[in-house]
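Presented below is the structure to which this report refers.
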């Protein structure tokens with residue numbers, strides 16, 4: 001995606017192109033094969049949902065709309081979705097999520113990270129809420145954790161960091177409800193602890209590798225699928 005005269009211009013495919021994905025299941029299968037896939041185009045050719053989907057389908061609400069697919073995929077619980085590459089949205093398959101956790105966490109569960117002074121009090125407030133409430137809409141999480149006009153600042157930054165560190169992830173999207181219990185507005189993300197999505201033992205199953213080895217394996221996996229990409233570009237993305 002690029003910006004021209006203040007407008008977003010997608011860089012995808014013609015919907016008649018043989019390589020253009022036509023369903024969320026097709027995208028799901030692709031993600032499970034490649035392991036990692038950012039939502040939008042980046043420095044690695046082909047390494048995005050954008051480049052494999054219809055250029056004119058985004059934000060249309062049609063059956064070809066990848067923006068709608070991300071909601072379906074996130075809610076199915078088979079693939080992790082959230083801000084995981086350069087604080088931008090991406091998908092990670094269940095198979096490869098423990099490797100990302102090993103790399104990003106470097107052996108630290110959140111509690112031990114906090115106890116060692118490596119996590120902020122604001123981040124802990126978010127983790128504490130999600131420990132009590134297994135899934136929470138973004139606006140509710142913000143309020144429950146004490147963020148807002150009269151409270152803590154930097155909610156978006158904290159949730160982005162926790163997603164990057166693999167401690168929390170998006171597990172679906174829902175629309176808000178008014179006092180009459182009627183849905184309104186755009187769908188908003190619901191967050192959960194990553195251990196709630198895939199299981200504590202599984203999430204931590206690759207801790208033994210250590211951050212350096214896990215990173216090496218992730219780079220090798222992406223390189224095997226996108227052989228024209230350089231290690232430097234891959235390292236920048238992850």
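Just so you know, all these numbers are worked out from the coordinates, no wet-lab data involved. Note that the structure is predicted; figures quoted are calculated from it, not measured.
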Which value in deg cm²/dmol, rounded to the nearest 500, describes the helix-derived mean residue ellipticity at 222 nm for the chain, given -39,500 (n - 2.57) per DSSP H run of n ≥ 4 and division by the residue count?
-> -11500 deg cm²/dmol
Specify whether the C-alpha gyration tensor of the range 84-134 places it in the rounded, prolate or oblate class, a ≥ b ≥ c being the square roots of the eigenvalues: rounded for a/c under 1.5, otherwise prolate if a/b is larger than b/c and oblate if not.
-> prolate
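Specify whether the C-alpha gyration tensor of the range 50-89 places it in the rounded, prolate or oblate class, a ≥ b ≥ c being the square roots of the eigenvalues: rounded for a/c under 1.5, otherwise prolate if a/b is larger than b/c and oblate if not.
Working: a/c = 2.43, a/b = 1.37, b/c = 1.78.
Here the range 50-89 falls in the oblate category.
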The range 123-238 shape via C-alpha gyration tensor axes, a/c threshold 1.5 = prolate
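For residue 16 and residue 131 in one chain, what is 0.36 nm times their gap in residues minus the Cα-Cα distance, to one decimal in nm?
Between residue 16 and residue 131, full extension yields 36.8 nm more.
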Over what distance in Å are the Cα centres of the range 213-238 and the range 97-121 separated?
-> 22
With Cα springs under 10 Å, the Gaussian network model of the chain assigns the largest mean-square fluctuation among 113, 105, 177 to 177
